[in-house]
Amino acid sequence: MRWRTGLTVAGVAALAWGEWLNWRWSRALVGNSGGASEAVVVLGYRNPGMTVNLINRWRVRAGIRSVAADGAQETRVVFSGGAIGSGASEAHLMAEYAKTVLGFDGTVLLEDQSATTWENITNVIPLLEDVDRIKIASQPAHALKARAYVRRQRPDLAERLVRADDYRPGEWTVVKPLLALYGLWTLRGLQADERKVSS
């Protein structure tokens with residue numbers, strides 16, 4: 001009986017830890033920049049097939065709900081991700097999903113050449129320079145990594161970063177501890193890169 005109680009407590013603690021860490025990451029490196037125009041950048045994830053995968057479907061939904069979150073008058077959604085193999089680009093697949101499944105009829109731009117998060121940011125920067133606010137939609141640790149890359153590549157644009165609606169309590173709760181562990185590993189690598197750049 002005690003081991004069951006222990007497992008239950010450990011499980012609840014792991015779920016709470018995953019929620020807390022993802023919540024914290026979703027609020028890091030963002031400000032409260034105002035203005036009438038915004039861009040929501042949706043980052044693709046390893047989509048080798050001709051249909052949009054589960055993670056990219058979720059990222060598109062997070063991106064689209066980020067548009068409605070604070071009602072900017074002029075919003076563009078930028079889907080970013082190149083083709084894996086000989087298939088369609090992640091950007092194209094995500095845009096099609098947004099339009100045909102989610103019914104999104106707003107302004108859409110595609111960046112369909114990038115293969116890494118660093119390239120995502122490098123390639124979308126020309127599409128962001130004239131907006132007042134920038135939101136990056138992905139899993140919280142990945143979005144944080146992308147925001148750090150914006151700060152490194154274009155500190156002036158980093159001042160326009162605001163929070164996307166990519167964290168909600170209770171969403172993906174069961175896998176959030178795994179996402180948190182993966183995020184810690186990813187962000188540790190980012191911190192190592194930062195140290196190399198500054199040394």
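The values are calculated or read from the model by the stated rules, or taken from the named source; none is laboratory data. A quick note: this is a predicted structure, and the numbers were derived from the prediction, not measured. With ideal geometry, Cβ positions are generated from the backbone for all residues, glycine too; neighbour counts draw on all protein chains shown. Note: accessible area is taken over every heavy atom of the protein model, side chains too, but ligands, DNA and RNA are not part of it. Shrake-Rupley method; radii C 1.70, N 1.55, O 1.52, S 1.80 Å.
Averaged per residue, what accessible area in Å² does the range 5-110 show with a 1.4 Å probe, protein chains only?
Values: 5130 Å² over 106 residues.
Per residue, the range 5-110 has an accessible area of 48 Å².
Counting only protein heavy atoms, what percent of the accessible surface of the chain is carbon or sulfur at a 1.4 Å probe? Provide the component values of the computation, followed by the final result.
Values: 5900 of 10310 Å².
The nonpolar share, carbon plus sulfur, comes to 57 percent.
Ordered by solvent-accessible area of protein heavy atoms (1.4 Å probe), largest first, the residues E159, E119 come out as E159, E119. Using only side-chain charges placed at the Cβ, +1 for Lys and Arg and -1 for Asp and Glu, the dipole size of the chain relative to its Cα centre rounds to 1000 debye.
Can you give the longest stretch of the chain with no exposed loop site, where a site means trypsin sites (Lys or Arg not before Pro) in a DSSP loop (not H, G, I, E or B) with at most 12 other C-beta atoms within 10 Å? Please report the intermediate quantities before stating the final value.
On the way: sites that count: R27, R46.
Excluding the exposed sites themselves, the longest stretch runs over 47-199.
Under 5 Å from the amide H of L161 lie the amide H atoms of G31, I134, each residue being 5 or more positions distant or on a separate chain, with H modelled from the backbone and absent for Pro and chain starts.
According to the square roots a ≥ b ≥ c of the eigenvalues of the Cα gyration tensor, what is the shape class of the range 1-68, taking rounded for a/c under 1.5, prolate for a/b larger than b/c otherwise, and oblate for the remainder? Mind dumping the intermediate values first?
Values: a/c = 3.83, a/b = 1.62, b/c = 2.37.
Verdict is oblate for the range 1-68.
Dividing the summed -39500 (n - 2.57) terms of all DSSP H runs of n ≥ 4 by the residue count of the chain sets its mean residue ellipticity at 222 nm at -16500 deg cm²/dmol. Compactness check for the range 32-115: Cα Rg over 2.2 N^0.38 Å is 1.07. Find the centroid of the Cα atoms in the range 1-53 and in the range 119-184, then give the distance between the two in whole Å. When both Cα centres are located, 11 Å separates them. Of the residues W23, G35, G11, the one whose Cα sits farthest toward the positive end of the charge dipole of the chain, with +1 on the Cβ of Lys and Arg and -1 on the Cβ of Asp and Glu, is G11.
Accessible surface for S114 stands near 10 Å², nearest 10, in the context of the full protein assembly shown (1.4 Å probe). Only Cα pairs under 8 Å and at least 6 apart count here; give the relative contact order of the chain as a rounded whole percent. Relative contact order for the chain comes out at 30 percent. Using the Karplus relation 6.51 cos²θ - 1.76 cosθ + 1.60 with θ = phi - 60°, the per-residue 3J(HN,Hα) values for the range 46-63 come to 5, 10, x, x, 9, 10, 5, 7, 4, 5, 5, 4, 5, 4, 5, 4, 4, x Hz, with x marking Gly and Pro. Among N123, N32, N22, the residue with the largest mean-square fluctuation in a Gaussian network model of the chain, with springs joining Cα atoms closer than 10 Å, is N32. A cut-off of 5 Å between modelled amide H atoms, ignoring neighbours fewer than 5 places along the same chain, links V42 with V78, F79, S80, A137.
Rounded, prolate or oblate: which one fits the range 120-192, using the alpha carbon gyration tensor with axes a ≥ b ≥ c (rounded when a/c is under 1.5, else prolate when a/b beats b/c, else oblate)? Kindly include the intermediate steps, with their values, before the conclusion.
Values: a/c = 2.90, a/b = 1.57, b/c = 1.84.
Oblate shape, in that a/c is at least 1.5 and b/c is the bigger or equal ratio.
The order of I64, I84 by accessible area, most exposed first and with a 1.4 Å probe, is I84, I64.
Probing with 1.4 Å while keeping every protein chain in the model, the per residue accessible area of the range 120-194 equals 44 Å².
Projected onto their three principal axes, the Cα atoms of the range 69-142 cover extents of 38, 28, 24 Å, largest first.
Give the Rg/Rh ratio for the chain, taking Rg as the radius of gyration of the Cα atoms and Rh as the Kirkwood radius, to two decimals. Show your work: numbers first, answer last.
Numbers: Rg = 17.4 Å, Rh = 17.4 Å.
Using Cα coordinates only, the ratio equals 1.00.
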